[in-house]
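Just below is one structure, and these are the notes that go with it.
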Amino acid sequence: MYQKKIKESNEKKVFHYIYQKQTNLSIADISNDLNISFPTVKTIINKFLNANIIKEDLKIGSGSGRKAQYYSLEKNFFYSIGISVHLNALKIYLGNERGEVLKEIVIKDDFFKETLIEKIDDALDEFFSEINDQVKEKIIGIGISIPGIIDNHNNIIEITPSIRIDLNKIKVLSKKYNLKILIDNEANLCAITEKFLGIGKEFSSFVVLNISSTLNMSNFKEKDFYGEFFLKASRVNHMIINFNGLLCECGNKGCWGKYSSELSLIEEIQKINPNIVKLKDVFKNENFENKQIKEIFENYLDYLSIGIKNIIFMYNPEKIIISGNISQYKEFFKDELIKKIYNENIFFRGSETIVFSNLGERSVSLGAVMLPLIDELF
């Protein structure tokens, strides 16, 4: 389990407010809405102006009286780099404060090994060489997503139970590039993406279930509107749903990830059609005309629904956001999955609890891009 708390301050409150509104901002409105004194808000606004975080808009008013000064969020006032580590790929993105991706590279390789940090270093060298100096000056940090946990007590990054990396390597990397480097579980970063860029904007509390090569979950709770929130990731990939089931690399049998990850679905369908190598190959109408493939996918949904039921029983979440590449294909299975989850309607909340991300597989990478910004200004 990993937990993170973003602390609040007046400056962070004001920035959170500005970030959400973005335009038509006045000191008086900010002061009234946040219950912060006018002089304090004015001081913060001046600081943001000097840092080119916001800009002055045309004054609004009529007649000969004094016109109100309005402000808006500047674009590209900060950049950050997001790195997402996957089973067979490393993805690096350059993005701005709005989560807009300006540059990206994808390197195909096996990154689940002890040389991970060295490979990230090599990739960053090449990535930085292709960025102009004006952009480099505005990069505030690097966010890294991993399908594992950060064990600060033992000073390690645990990718899998058998692959652990010395956290001190990140400190060396941070010193080399003179940038803050933050690492977090990919589900936590999905939650950040959903809250600030996706469907999670509408909710103050939700669970994100990220379905990728593994299964990851994060529980997001916003304390108040002003930007203080809590994240807690849990490794549901190894939640046992069939104690006599398939052997997992963790040593147990019947782990949820062996049945409901993106990888497990592709591997099962490959037994019928070896040409299927990616998730997009699965979700073609002709595949669902094949009786064997339909049966495999039906079993997949059975196991997926069992795990989601367990999450509902344990957490009673207001919303469960299903994230990951598979969310792009929800029209193929959404109704059937919800039917399986709520077939006996025994939960406190109804089927409206389940929603699907609109960001697809990019939610992890965008979360990595957003992490330095969130850490710096929220």
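The values are calculated or read from the model by the stated rules, or taken from the named source; none is laboratory data. Values in this document were obtained by computation on a predicted structure and should not be read as measured data. With ideal geometry, Cβ positions are generated from the backbone for all residues, glycine too; neighbour counts draw on all protein chains shown. To get the accessible areas, we keep the full protein, side chains included, count just its heavy atoms, and leave off ligands, DNA and RNA. Shrake-Rupley method; radii C 1.70, N 1.55, O 1.52, S 1.80 Å.
Quick rundown of the values:
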{"quantity": "Nearest-10 value in Å² for the accessible area of Tyr70, using the 1.4 Å probe", "calculated": "50 Å²"}
{"quantity": "Local net charge near Lys175, Cβ-Cβ under 13 Å (Lys/Arg +1, Asp/Glu -1)", "calculated": "+3"}
{"quantity": "Rounded to 5, the percent of DSSP beta bridges in the chain classed as antiparallel", "calculated": "70 percent"}
{"quantity": "Ratio Rg/Rh, restricted to the range 139-234 and using Cα atoms, in which Rh is the Kirkwood radius", "calculated": "1.00"}
{"quantity": "Above-threshold pairs, the threshold being 24 Å between Cα atoms, out of Lys195/Lys319; Lys278/Lys330; Lys42/Lys75; Lys119/Lys280; Lys171/Lys221; Lys21/Lys42", "calculated": "Lys119/Lys280; Lys171/Lys221"}
{"quantity": "Share of carbon and sulfur in the accessible heavy-atom surface of the chain [1.4 Å probe, %]", "calculated": "46 percent"}
{"quantity": "Size of electric dipole in the chain: Cβ of Lys, Arg +1 and of Asp, Glu -1, about Cα centre, debye, nearest 20", "calculated": "880 debye"}
{"quantity": "Per residue Cα convex hull volume in Å³ - calculated over the range 271-335", "calculated": "101 Å³"}
{"quantity": "The chain, helix-only ellipticity at 222 nm - DSSP H runs n ≥ 4, -39,500 (n - 2.57), divided by all residues, nearest 500", "calculated": "-11000 deg cm²/dmol"}
{"quantity": "In range of the label at Phe288: residues from the range 322-337 whose backbone nitrogen is under 16 Å from the point 7 Å along Cα→Cβ", "calculated": "326-337"}
{"quantity": "Extension gain from Thr23 to Asn132, taking 0.36 nm per residue of separation minus the Cα-Cα distance", "calculated": "36.4 nm"}
{"quantity": "Per residue value of the accessible surface for the range 236-378 (all protein chains in place, 1.4 Å probe), Å²", "calculated": "49 Å²"}
{"quantity": "Mean separation of Cα contacts under 8 Å, 6 or more apart, over the residue count of the range 113-208: relative contact order %", "calculated": "26 percent"}
{"quantity": "Contact order normalised by residue count of the chain, Cα under 8 Å, 6+ apart, percent", "calculated": "19 percent"}
{"quantity": "Three-way shape call for the range 216-285 based on the alpha-carbon gyration tensor, with the a/c threshold at 1.5", "calculated": "oblate"}
{"quantity": "Whole-angstrom Cα spans of the range 161-306 along principal axes, big to small", "calculated": "53, 38, 31"}
{"quantity": "Convex hull per residue volume in Å³, alpha carbons only, for the chain", "calculated": "170 Å³"}
{"quantity": "Prolate/oblate/rounded call for the range 234-378, Cα gyration tensor, a/c under 1.5 rounded", "calculated": "rounded"}
{"quantity": "Centre separation in Å (Cα based) which lies between the range 265-314 and the range 152-187", "calculated": "34 Å"}
